[in-house]
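Everything on this sheet refers to the single structure shown next.
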Amino acid sequence: MERGRPRLRGRFVSKRRERKYDSIKKGIRQRWENTKIAETHSYSKIASTNETIESDDCHSVDNVPVDLEEVEIVYTENVIDSPRLEKDWRCGRRLIELGVLADGLSACKKCGLPLQLSHCQGITNFGLSAMLKIPCMNSACKMINNVSTGKRHNKIWDANTKLAAAVQHTGIGFDQISGILAELNMPPISRTLLSSRQVEIGKATECIASLSMQEALEEEVMATNM
């Protein structure tokens with residue numbers, strides 16, 4: 001009987017990706033076993049904290065923002081490929097707030113030394129905004145810093161909320177926005193992300209409209225009493 005297509009997290013994947021995923025799991029299991037040995041034998045020179053690797057698989061495929069600032073990532077030579085982590089970060093165009101980027105590059109979060117954009121190892125997109133993975137070049141630190149390309153509010157990227165507001169203001173839809181981003185050679189935005197941000201904007205618009213109507217009624221009452 002012919003074997004069906006392999007699945008990964010409920011989705012069909014190629015055999016090549018299945019083998020890659022199996023090798024990654026094997027490597028993680030091996031590092032975990034080495035860590036347990038190091039913790040058991042106190043005389044070992046291997047520090048378990050040096051094996052910490054943060055994977056980008058923890059991010060939602062729907063671009064739900066995650067507070068990566070709170071996660072300390074220790075740099076090692078073992079780099080795990082992730083579908084969401086793009087190594088060729090120089091390709092295409094990005095929406096970047098220069099002030100936010102400058103502040104992120106000003107100092108390593110661990111040792112305080114300045115970072116360089118040219119040392120970037122990859123980029124993770126969150127709609128119109130992104131998170132850069134930039135390692136510290138201090139040989140005693142080697143921490144991978146997460147540098148944002150834009151501002152956030154309550155773990156939501158401002159650029160995505162602004163895009164939803166623009167969609168509401170102009171009356172265009174998801175297909176038109178996707179076409180514009182494609183012509184600009186910018187990363188695409190998912191329909192789910194845009195819909196969630198439109199819900200956020202819709203609630204804010206309703207609140208402002210309600211306050212405006214209340215103020216208008218109060219002015220009308222005052223004018224009538226005069």
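With +1 on each Lys and Arg Cβ and -1 on each Asp and Glu Cβ, how big is the dipole of the range 144-202 about its Cα centre, in debye rounded to the nearest 20?
Value, rounded to 20: 240 debye.
Across the range 175-187, computed HN-Hα scalar couplings (Karplus, 6.51 cos²θ - 1.76 cosθ + 1.60, θ = phi - 60°) run 5, 5, 4, 4, x, 5, 5, 5, 5, 7, 6, 10, x Hz from first to last residue, x flagging Gly and Pro. Here the calculated FRET efficiency for residue 113 and residue 151, from their Cβ-Cβ distance with R0 = 25 Å, stands at 0.55, rounded to the nearest 0.05. Express the Stokes-Einstein translational diffusion coefficient of the range 110-170 in µm² s⁻¹, to the nearest whole number, given a Kirkwood radius over alpha-carbon pairs, 25 °C and a viscosity of 0.890 mPa s. For the chosen part, D equals 186 µm²/s.
FRET efficiency for residue 14 and residue 192, Cβ-Cβ distance as r, R0 = 25 Å, nearest 0.05?
Working: r = 24 Å, r/R0 = 0.97.
E between residue 14 and residue 192, to the nearest 0.05, is 0.55.
For the range 160-215, the square roots of the Cα gyration tensor eigenvalues, ordered a ≥ b ≥ c, give a/c of at least 1.5 with a/b greater than b/c, which places it in the prolate category. Projecting label points 7 angstrom from Cα along Cα→Cβ for residue 176 and residue 207 puts them 2.7 nm apart. What does the C-alpha gyration tensor say about the overall shape of the range 100-205? Classify as rounded when a/c is under 1.5, otherwise prolate if a/b is larger than b/c, or oblate. Prolate, because a/c is 1.5 or more and a/b exceeds b/c.
Throughout, read-outs are computed from the coordinates displayed, never taken from laboratory work. Just so it is clear, the structure is predicted and the values come from calculations on it, not from any experiment. Heads up, the Cβs are rebuilt from the backbone with ideal geometry, glycines too, and the neighbour counts pull from every protein chain shown.
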